[in-house]
Amino acid sequence: MTAPILRRLSEMRALRREWTMRGETVGLVPTMGALHQGHLSLVKAAKAACDRVVVTIFVNPKQFNNPADLANYPRTEEDDAQKLAPLGVDAIYVPDPDEIYPEGFATEVAVAGAIIDVMEGPFRPGHFEGVATVVAKLFLQTGADHAFFGEKDYQQLLVVRRMAQDMDIPITVVGCETVRETGGLAMSSRNVQLTPQGLDTAAHIYRILTAMAQQLRAGQAYAPLQSAALNELADLGFGDVEYLDLRCADTLVSLPVADRPARLFIAVWLEDVRLIDNIPV
Ligand code: PAF
């Protein structure tokens, strides 16, 4: 059965009140729609941990630094509702834009410091401010107890966790493992923009990261592994590599060797599509 679609905050709040009266816990999966298996795995995690599950669909203009990207972002609400139907979601909250950014809205939630100054931060100015602002609103509007985010956007996960903690929002931010295609490519709404050949090439990202992680675990230094990987990516036909970094999993500080819990991060262009991925080391 398809879940009810709520468009007004008053409807969301009324439902949340009912659940609170019954002592039920609520899991939130915030999305921008165009749902794929990665999102559905978050919903399954939420279902397993909470009495009620709300999926939000809101294409957040404030987190796009490129207007064309925003204009071209897929909007597939009906399809998304169909995909959620078998999972037993309790509500799909698709807020009308004025519920998120009403006339006169003038507040920005910005996490400062090392976790936003690197990787996606410099390449996407304003992006994390947009994410933190909308996610803070969605946390408060849904009153969820737990929120589920994919590790595919690992930096976003850290930003959101920091924001919730700093703002005393009573919610647990849960990170869920990246879901991958059979060949290893991380699932993403952008993958549909790749040609079949591009999809084959893109699968090398995961292979290369996995091989690097193995060598790092064996104690090798990062710099030579990074140069070799950059050469390999160029030979395979990838475009610009915006970053290929070894970083501490908690602080995102750059590491010369994997001497603590760490992750490998990449952002690379292929066929005019920007792909990001990361794996634990
Ligand atoms: O990861 C996303 O889809 C978005 O950044 C999010 C968390 C839904 C906020 O708009």
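The values are calculated or read from the model by the stated rules, or taken from the named source; none is laboratory data. The structure presented is a predicted model; accordingly, all values stated were derived computationally and were not measured. No Cβ is skipped: glycine too gets one built from the backbone with ideal geometry, and neighbour counts run over all protein chains shown.
What number of residues within region 2-56 are of a type in the set (A, V, I, L, M), within 17 Å of residue 146 (Cα to Cα) and surrounded by 14 or more Cβ atoms within 10 Å (Cβ to Cβ)?
So the answer is 14.
Being assigned to a helix (DSSP H, G or I), among the acidic types (Asp, Glu) and either more than 9 Å from the ligand (Cβ to nearest atom) or more than 21 Å from residue 188 (Cβ to Cβ) (or both) is the filter here; which residues of region 133-166 pass it?
Listed by number, the residues that qualify are 151, 166.
Tell me, please, whether a residue that is modelled with pLDDT under 95, β-branched (Val, Ile, Thr) and either more than 19 Å from residue 152 (Cβ to Cβ) or surrounded by fewer than 19 Cβ atoms within 10 Å (Cβ to Cβ) (or both) can be found in region 187-203.
Scanning region 187-203 turns up at least one residue that is modelled with pLDDT under 95, β-branched (Val, Ile, Thr) and either more than 19 Å from residue 152 (Cβ to Cβ) or surrounded by fewer than 19 Cβ atoms within 10 Å (Cβ to Cβ) (or both).
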